[in-house]
1. Against the conditions (1) under 20 Å from B:PHE297 (Cα atoms); (2) surrounded by fewer than 16 Cβ atoms within 10 Å (Cβ to Cβ), where does B:ASP54 fall short? Just the number, please.
2. I'd like the full set of residues that are open to solvent by less than 20 Å² (accessible area, probe 1.4 Å) and more than 14 Å from every other protein chain (Cβ to nearest Cβ), limited to segment B:337-389.
3. Looking at segment A:289-312 only, could you name the residues that are over 17 Å from the mean Cα position of the chain (by Cα) and open to solvent by 10 Å² or more (accessible area, probe 1.4 Å)?
4. If you take the residues in segment B:390-406 that are of a type in the set (S, T, N, Q), without any contact (Cβ under 8 Å) to a residue 40 or more places away in the chain and open to solvent by less than 10 Å² (accessible area, probe 1.4 Å), which one is farthest from A:PRO422 (Cα to Cα)?
5. List, please: which pairs have Cβ atoms under 8 Å, are six or more places apart or on different chains, and start with a residue in segment A:452-468 that is within 14 Å of chain B (Cβ to nearest Cβ) and end with one that is buried (at least 24 other Cβ atoms within 10 Å of the Cβ) and in a loop (DSSP other than H, G, I, E, B)?
6. Identify, by number, the condition in (1) in the same structural domain as A:VAL193 (by TED's automatic domain parsing); (2) of a type in the set (D, E, K, R); (3) free of Cβ contacts under 8 Å to residues at least 60 places away in the same chain; (4) in a loop (DSSP other than H, G, I, E, B) that A:ASP111 doesn't meet.
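The values are calculated or read from the model by the stated rules, or taken from the named source; none is laboratory data. The structure displayed is predicted, hence computed values, not measured ones. Ideal geometry is used to build each Cβ from the backbone, glycine not excepted, and the neighbour counts take in all protein chains shown. Side chains included, ligands, DNA and RNA excluded: accessible areas come from the protein's heavy atoms. Shrake-Rupley method; radii C 1.70, N 1.55, O 1.52, S 1.80 Å.
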Amino acid sequence: MKAELSSYLSKHRELAKGLVDTLLKTYEYVSILGVDTKGKTYAVSRKGSSINDSMWSERGYVLRVFNGINYSEYSFNEFQEKDIRSIIDEVKEIVEGDVKRLKGQNVKFSDYPLIEESLIKDSLIKEVKVLPSTVSAKTKIEKITQIMNDGLKLSDQLIDFRVVYEEVHISKIFYSAKKDLSQSIVYTTAAMVPIVKKDNDIKYSFKSYSGLKGFELLEDLDGLEKLVEDTIKLLDAERVVPGEYEIICNPAVAGLIAHEAFGHGVEMDMFVKNRAKGVEFLGKPIAGKKVSMKDGALSAEEVGTYLFDDEGTLGTDTTVINESVLESGISDLLSAMKLGTKPTGNGRRESFEKKVYARMTNTFFVPGNDELEDMIASIKKGYLLEDYNSGMEDPKNWGIQCMIAMGREIIDGKLTGKIIAPVLMTGYVPDLLKSISMVSDGLELSGSGACGKGYKEYVKTSTGGTYIKAVGRLG
Amino acid sequence: MISRIVSILKSVKNDGWLINDTLTESIELFFVKKDLDMNRGKKVHHINVTVYVDFLEDGTKYKGSSTTNISPTMSEEEIKDSLEVASLAAGYVKNEYYDLVSPSNEELIYPSSNFSKGEMRDYIPGLVESVYKVDNFVNGKVNSAEFFINKSDIRIMNSLGVDIAYTKFTGMIELITDWKEDIEEVELYQMINFSEYNSEDISRSVENVLNETKQRALAKPLPELKDVPVLLSKGAIKELFDYYKVRADAKPKYEGFFNYEIGANIQGDVKGDKVNITVLPNLVNSTKSSPCDSNGFVLKEVEIIKDGLLNNYIGDKRYSNYVGVKPTGVIGNTKVAVGSTPESILKKDPYLELVAFSDFQVNPITGNFGGEIRLARYFDGESVTPYYGGSITGNVTSIQEDMIFSKEDQQINNFLGPKYVKIKNFSLTPSE
């Protein structure tokens, strides 16, 4: 089934183009991004349920205008023929009035060249098996309620088994003097969250699913028994004795390392600010010989996939690390112009209301040839780290913080059955990457969460990889 | 627009509705070093409508609800479609019955802001100057700064006659500072939230973080330290007390996470300072001040934890109804009582002060906490040495009986509480 472009954007496309064409009579560069994202989130728990619009739902526009020195932007969401005059007045106030006032206050401006574009007209209409809009709310809530009930039957220790399903249909148009682009993409995500209690001790875990899929994603939800079993084991988990260990990271944790520990450090707006240590390693070995890493809207088919980014740059497939050598960063348009590099189509906004930053899309370690069994067998004393709760980047100094959900003890090449949780992995990124000695086959990506920059600017990304063996500091 | 929606709601099946209408204008500046990299503005209108549908199933009454965003560009037909989809969905949302918020005669405590005295644009030069006037060091600087001022006109209405409108100003500066001494350049991150224009406060915060960045540049890797108490500071303290707020929240009680009765001992056998927490609708310079919650429930100050015991539940009308307590609404500001020990006494004996983290987190459900240390100050009894790296982990239940709160306070946006909390019984992982 085709995910057609929103009828609203289709109808208002000419109005948006007219606004840009009018502004182009005054300003040398003008572009408009129009967004109409529709989505719903369905959630069930033992004590209630909800069906609400997705947090990603939005409809609005952002204009980017060259102000003679650099770029100014105006975001708005009231846009009919009658609003054109007031929008132009607002743009004038920001592009001319504010700039003049700030100059008058002796504020110095960072200058940018005029954006030069090639003539491009293109569109992307993605397809899914079952468009979410063709399935009733009743069917969706009944389906996830059934999964919840199946989960709740598995243990008396469960105080809840929550299931969340989200469907998002993104429609975007981009128009400038030379570009006329549109895209329509559907993705869905889901998560199962068992919560167990023993005395006053409460533990929970989750298993998530995502993809450029429709309602059919819910057919992927599996492994309830193992999920509940592992969550119950957390009740008896011990804290790790702080120290350095041989570790195997499952694809989720490997993805966290690729994303948080490394990916943020090669976002090239950080290069412009001299905030990224990655600059020092360009063209140099940064990781173990078996390590290659990719990012890009076209590097995988997941929630970070698109035809064009929020600046109208076409998405690419970027090899960030090639067999240990740091080859390239990922870039938005303005940063690339400042650095004299080619933009990689990574300019993304949290919403039409927000500024563009260089952001990841689909980020992952490229699969290798090692077998997981061999990796476990090679460890004298260490842990198999599985899943995570959060991570935080430190692109300048390349410290890492990964809050890992659980670790399975390995002694003399065998899993002992002992669980540690939670686990805080810290350290220095190049040390961790260089310590990667084995990489398994079988790429797994997850796009169920959201990625922030600092403590804001959330965008959908997918991360992942394979099983990797490394050395990590756990606490 | 609102009257159109209310009119359309009359033709859509519902047993009640709630409208949250927010019109926000902003001015935003983005600096790299001292140069303006981009300026932005926005004017956006957000309308969220919740449609409620009551139904009976097996003799039990339920209240379903579904919230949808109504865009100001939606046609009459689109609005009706969205509301009908929400109404239909609400019919499948099986939540125990509860009452909607009724209009109240309680006095509304409106958030105040000196930003209201002029145009938002007038304050931008002063805010920029307040950051850069203290950016005068040779080895360190403001690497980048983002400035945001928002004015939001908020209106909350429901089908029972609630109709509350107020204006709110919020500001935010995101700041990256860097510093280079002998080895490599380092950076720290700071987010300053405010609702009052106070350039001196902002300058002080910037100067403070610049000095901390200098210390980070001079810091050594955290060595193994045994039996040294830790002084938590800044945002870590705000995170810590969320553990107690969750235990006083009606929602997790209803969901079966906790089952404390009023008067229950939350903090254990306290040998240190007892926890006292009040939530307040209005706190000067907080961006979370509000006369009512998003359901239109009028807010008042509530003391939730008194001397380590549960004193009052907090919760919106729905969850308070469920657990049979008096609703308080969702209140955005927290005040934690300070202790009686001055900073000078807390710092008399050896201590490790944790100044900055990558991201200090407390899981309010499990009580587990942890974070990678970006800057710490260790006092060995004679001198103070800055350290970085390594991490702290632990559980609130292990530290809560021995916590000592400083006499001095601090405000971090919507949190007012002790400047320092001294803890023991945690795990410190050295950097190397």
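1. Unmet for B:ASP54, out of (1) under 20 Å from B:PHE297 (Cα atoms); (2) surrounded by fewer than 16 Cβ atoms within 10 Å (Cβ to Cβ): (1).
2. B:GLY339, B:LEU346, B:TYR351, B:LEU352, B:GLU353, B:VAL355
3. Those that are over 17 Å from the mean Cα position of the chain (by Cα) and open to solvent by 10 Å² or more (accessible area, probe 1.4 Å): A:LYS289, A:LYS290, A:SER292.
4. By that ranking, first place goes to B:SER391.
5. Final answer for the pair search is A:LYS453/A:ARG359; A:GLU457/A:ARG359.
6. Failing condition for A:ASP111: (1).
Residues are listed down the side, and each one gets a yes or a no for (1) within 14 Å of another protein chain (Cβ to nearest Cβ); (2) surrounded by fewer than 21 Cβ atoms within 10 Å (Cβ to Cβ); (3) modelled with pLDDT under 95; (4) closer than 30 Å to B:ASN105 by Cβ:
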{"position": "B:TYR244", "(1), (2), (3), (4)": "no, no, no, no"}
{"position": "B:THR278", "(1), (2), (3), (4)": "no, yes, no, yes"}
{"position": "B:SER286", "(1), (2), (3), (4)": "no, no, no, yes"}
{"position": "B:ASN295", "(1), (2), (3), (4)": "no, yes, no, yes"}
{"position": "B:GLU303", "(1), (2), (3), (4)": "no, yes, no, yes"}
{"position": "B:THR328", "(1), (2), (3), (4)": "no, no, no, yes"}
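Here is a yes/no grid of residues against (1) within 14 Å of chain B (Cβ to nearest Cβ); (2) among the charged types (D, E, K, R); (3) buried (at least 18 other Cβ atoms within 10 Å of the Cβ); (4) more than 27 Å from A:GLY60 (Cα to Cα):
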| site | (1), (2), (3), (4) |
| --- | --- |
| A:PRO132 | yes, no, yes, no |
| A:TYR165 | yes, no, yes, no |
| A:MET192 | no, no, yes, yes |
| A:LYS198 | yes, yes, no, yes |
